[in-house]
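To start, the structure itself, in structure tokens.
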There are 2 protein chains.
Amino acid sequence: MEKTSVLIIGKYAEIECNIQRYESHFVVTQVNNLEEIGQIRKAERVKIKAIAFKGHSRFDLRIIKQFPSLVIIANFGVGYDTISVLDAKKLGVVVTYTPDVLSDDVADLALALLFGVSRQLSLGLDWIKSGLWPIRGEMPLNKRVSGSTCGIVGLGRIGFEIAKRLESFKVKIHYFSRKKKNVSKDWTYYDNPVDLAKSVETLFVSIIGGPVTHGFISTEVLKALGPKGILVNISRGSTIDEKALLNALEKKRIFGAGLDVFENEPNINPRFLQLGNVFMQPHQGSSTRETRQAMGDLQFNNILHYLGSGKALTLVPEMQ
Amino acid sequence: MEKTSVLIIGKYAEIECNIQRYESHFVVTQVNNLEEIGQIRKAERVKIKAIAFKGHSRFDLRIIKQFPSLVIIANFGVGYDTISVLDAKKLGVVVTYTPDVLSDDVADLALALLFGVSRQLSLGLDWIKSGLWPIRGEMPLNKRVSGSTCGIVGLGRIGFEIAKRLESFKVKIHYFSRKKKNVSKDWTYYDNPVDLAKSVETLFVSIIGGPVTHGFISTEVLKALGPKGILVNISRGSTIDEKALLNALEKKRIFGAGLDVFENEPNINPRFLQLGNVFMQPHQGSSTRETRQAMGDLQFNNILHYLGSGKALTLVPEMQ
């Protein structure tokens with residue numbers, strides 16, 4: 001029997017994608033990104049039944065239609081906002097993602113970003129490297145994290161993990177989500193992000209990306225957060241009105257921001273590089289070896305199970 | 001009635017030392033450090049009953065004897081290893097410190113240092129600043145914090161706070177202290193630091209400084225920690241055999257270190273600056289505005305209460 005054809009799209013670290021394992025089950029084609037799919041010969045392309053996708057380019061109807069045998073797109077990551085899920089659904093293509101396995105890492109990084117801003121870790125590193133310590137003495141005092149009041153915008157898996165960690169720092173938890181959640185009665189619910197931002201010292205953004213949440217953290221939310229407030233974003237660059245954020249940071253209308261995600265990453269707005277009140281990471285929320293391996297395993301197993309039994313392990317919510 | 005004379009030694013940020021408050025109760029003399037006490041006129045010096053001390057120079061018998069009316073040395077900070085407490089005691093001088101108020105901040109920074117090393121925050125910052133992100137893509141994968149196994153050397157106030165925080169990251173807690181403590185049964189006790197180091201991925205050092213613990217984290221402990229192990233030190237530079245640590249870091253016999261404290265700080269060994277596997281801060285464990293104000297308040301209140309009623313609030317353990 002002929003083996004099924006699978007296309008792997010994206011730049012994977014070795015630990016993220018076990019090619020030998022794919023090849024032991026499937027006929028494998030590989031390209032670095034969506035732009036390169038034009039290089040695949042038509043005879044191959046029309047046979048491809050599954051795509052293992054890693055990337056942040058738009059995976060839309062035009063692309064899906066180029067694969068007439070396609071039945072599954074298995075996304076590497078929990079954010080699948082660039083995949084046109086509804087178009088896929090209409091064409092009978094299921095979309096899977098890799099939830100849960102990365103929540104701990106992303107929540108960990110959210111805390112690290114808060115420390116980066118509050119405790120001025122970047123200034124501390126420079127204080128030593130530039131030799132300022134013996135000359136100017138102690139670095140300037142900074143801001144306590146423990147005992148502060150934090151707000152979580154979006155209490156999904158990752159937001160919940162952020163809140164659980166913050167609790168151990170004696171932080172008072174406030175949150176916004178579409179509905180009140182069945183969580184600790186010590187956590188305070190808000191039905192809108194502006195009132196939440198008014199009540200907290202730090203605002204964590206952990207909502208999904210995509211058109212629905214575009215610019216959700218608006219000028220108004222940033223204004224409510226105020227000149228002592230810290231914004232931490234580990235979701236998607238698109239969830240924040242980035243122009244409003246840059247203005248707020250430049251004019252010190254908020255205290256600072258911890259950012260792992262940006263619009264147009266990796267080509268981020270150069271205005272960010274001029275700021276002293278940001279602590280930035282290059283979208284590395286899930287990028288530990290342990291988690292990336294688990295994500296790669298789940299991506300592979302979604303394809304293996306769906307092609308074998310018609311049952312995927314982790315369908316995106318729109319498919320469930 | 002003549003006001004009591006108080007000497008304030010050290011470089012304090014404004015928020016750390018409320019001079020107006022001192023002056024409303026006492027006759028106040030101020031010097032920047034112990035070396036400057038020679039500048040105080042004898043007529044003043046012999047009247048000084050209380051010293052508010054901030055610094056890391058040796059405060060020994062020779063210095064104490066220069067103040068014949070002295071009854072209290074109120075240290076700013078929880079570490080008082082440079083003060084000759086037993087000499088003070090013999091001369092009837094009590095020594096106080098500022099415990100508890102800084103435990104949260106120091107524990108917070110300990111966690112931040114772990115993230116700094118494990119999640120390679122310094123590399124992440126550089127990845128963005130140097131423009132590598134668009135050119136080389138994702139930064140190299142790093143190491144998960146959540147779910148790891150951590151060891152605490154010294155389960156005092158700060159060690160305990162570190163452990164409580166780590167628990168929320170689903171970390172398995174192991175610890176060494178002189179005696180087994182009455183803590184969660186999920187925490188594993190070791191009666192020596194070598195066996196502890198063998199069993200964990202990260203080792204936090206939170207023991208007191210001074211001669212007794214000098215070089216406590218020895219070559220043998222570092223060897224037991226091994227090439228995948230991370231060392232975090234928020235105690236004193238002296239608690240680690242620093243030459244052994246530098247050798248281990250240079251030869252990658254341990255994975256990395258997060259360090260807030262050093263021997264001879266602020267003039268730290270320049271070999272540290274050549275390392276890619278350290279995440280360093282300039283002894284800023286307690287340096288938040290909130291905590292430094294609380295430390296200054298406690299230092300002042302120790303003096304006020306002791307001179308008023310003969311009862312200090314927070315005597316160092318040797319005085320209790």
Fill in the blank from the handout: The one condition A:Val117 fails out of (1) at the interface with another protein chain (Cβ under 10 Å from one of its Cβ atoms); (2) crowded, with 23+ Cβ neighbours inside 10 Å is (1)
Practice task
Give segment A:248-274 a look and list any residue that's within 11 Å of another protein chain (Cβ to nearest Cβ) and part of a loop (DSSP other than H, G, I, E, B), or say none.
Solution key: A:Asp260, A:Phe262, A:Asn264, A:Glu265, A:Pro266, A:Asn267, A:Ile268
Practice task
Assess whether A:Ile135 counts as being more than 17 Å from the chain's Cα centre (by Cα) and buried (at least 23 other Cβ atoms within 10 Å of the Cβ).
Solution key: no
Exercise for the section: Consider B:Gly210 carefully, then state whether it is within 21 Å of the chain's Cα centre (by Cα), on the phi > 0 side of the Ramachandran plot and away from every other protein chain (no Cβ under 14 Å). Expected result: yes
Completion exercise
Among B:Asp60, B:Asp108, B:Asp81, the single one that is within 14 Å of chain A (Cβ to nearest Cβ) and under 22 Å from the mean Cα position of the chain (by Cα) is B:Asp108
Exercise for the section: Being outside the structural domain of B:Gly79 (by TED's automatic domain parsing), at pLDDT 95 or above, part of a loop (DSSP other than H, G, I, E, B) and among the β-branched types (Val, Ile, Thr) narrows it down to one of B:Val145, B:Val194, B:Val221, B:Val117, so name that one. Expected result: B:Val145
Completion exercise
Selection over segment B:85-113 where residues are among the polar types (S, T, N, Q) and closer than 30 Å to B:Arg144 by Cβ yields a count of 1
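What residue, among those in segment B:171-188 that are in a loop (DSSP other than H, G, I, E, B) and of a type in the set (S, T, N, Q), is surrounded by the most Cβ atoms within 10 Å (Cβ to Cβ)?
Restricting to residues being in a loop (DSSP other than H, G, I, E, B) and of a type in the set (S, T, N, Q), the top hit is B:Ser177.
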Practice task
Kindly indicate whether B:Ala294 is within 14 Å of another protein chain (Cβ to nearest Cβ), in a strand (DSSP E or B), crowded, with 17+ Cβ neighbours inside 10 Å and modelled with pLDDT of 95 or more.
Solution key: no
Practice task
Run B:Ile208 past the list (1) touching a strand residue (DSSP E or B) at 6+ places or on another chain (Cβ under 7 Å); (2) under 30 Å from B:Ser69 (Cα atoms) and report the number of the one that doesn't hold.
Solution key: (1)
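Could you tell me which of the residues B:Gly151, B:Gly92 is closer than 30 Å to B:Pro68 by Cβ and not aromatic (Phe, Trp, Tyr)?
Details: B:Gly151 fails: closer than 30 Å to B:Pro68 by Cβ.
Result: B:Gly92 is the single residue among B:Gly151, B:Gly92 that is closer than 30 Å to B:Pro68 by Cβ and not aromatic (Phe, Trp, Tyr).
Determine which member of the set B:Asp108, B:Asp126 is free of Cβ contacts under 8 Å to residues at least 24 places away in the same chain, assigned by TED's automatic domain parsing to the domain that holds B:Gly258 and assigned to a helix (DSSP H, G or I).
On the way: B:Asp108 fails: free of Cβ contacts under 8 Å to residues at least 24 places away in the same chain.
The conditions single out B:Asp126.
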Exercise for the section: Might you let me know whether segment A:141-156 holds any residue that is charged (D, E, K, R), in contact with a helix residue (DSSP H, G or I) (Cβ under 6 Å, 6 or more places away or on another chain) and at the interface with chain B (Cβ under 8 Å from one of its Cβ atoms)? Expected result: yes
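Which residue out of A:Lys42, A:Lys49 is under 19 Å from A:Ser84 (Cα atoms) and either buried (at least 19 other Cβ atoms within 10 Å of the Cβ) or more than 25 Å from the chain's Cα centre (by Cα) (or both)?
After ruling out the rest, the residue left standing is A:Lys49.
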Completion exercise
Screening B:Phe300, B:Phe279, B:Phe255, B:Phe262 for residues that are crowded, with 20+ Cβ neighbours inside 10 Å and farther than 26 Å from B:Leu123 by Cβ leaves only B:Phe300
Practice task
Inspect all residues belonging to segment A:226-238 and state whether any of them is assigned to a helix (DSSP H, G or I), touching a Lys or Arg at 6+ places or on another chain (Cβ under 7 Å) and without any contact (Cβ under 8 Å) to a residue 60 or more places away in the chain.
Solution key: no
Practice task
Could you figure out which of (1) closer than 18 Å to B:Ala74 by Cα; (2) more than 8 Å from chain A (Cβ to nearest Cβ); (3) not in a loop (DSSP other than H, G, I, E, B); (4) not acidic (Asp, Glu) isn't true of B:Ser286?
Solution key: (3)
Practice task
Test each condition in (1) touching a Gly at 6+ places or on another chain (Cβ under 7 Å); (2) surrounded by fewer than 21 Cβ atoms within 10 Å (Cβ to Cβ); (3) not acidic (Asp, Glu) for A:Ser130 and report the one that comes out false.
Solution key: (1)
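The values are calculated or read from the model by the stated rules, or taken from the named source; none is laboratory data. Since this is a predicted model, take the numbers as computed values, not measurements. Here the Cβ is made from the backbone with ideal geometry for all residues, glycine too, and neighbour counts use every protein chain on show.
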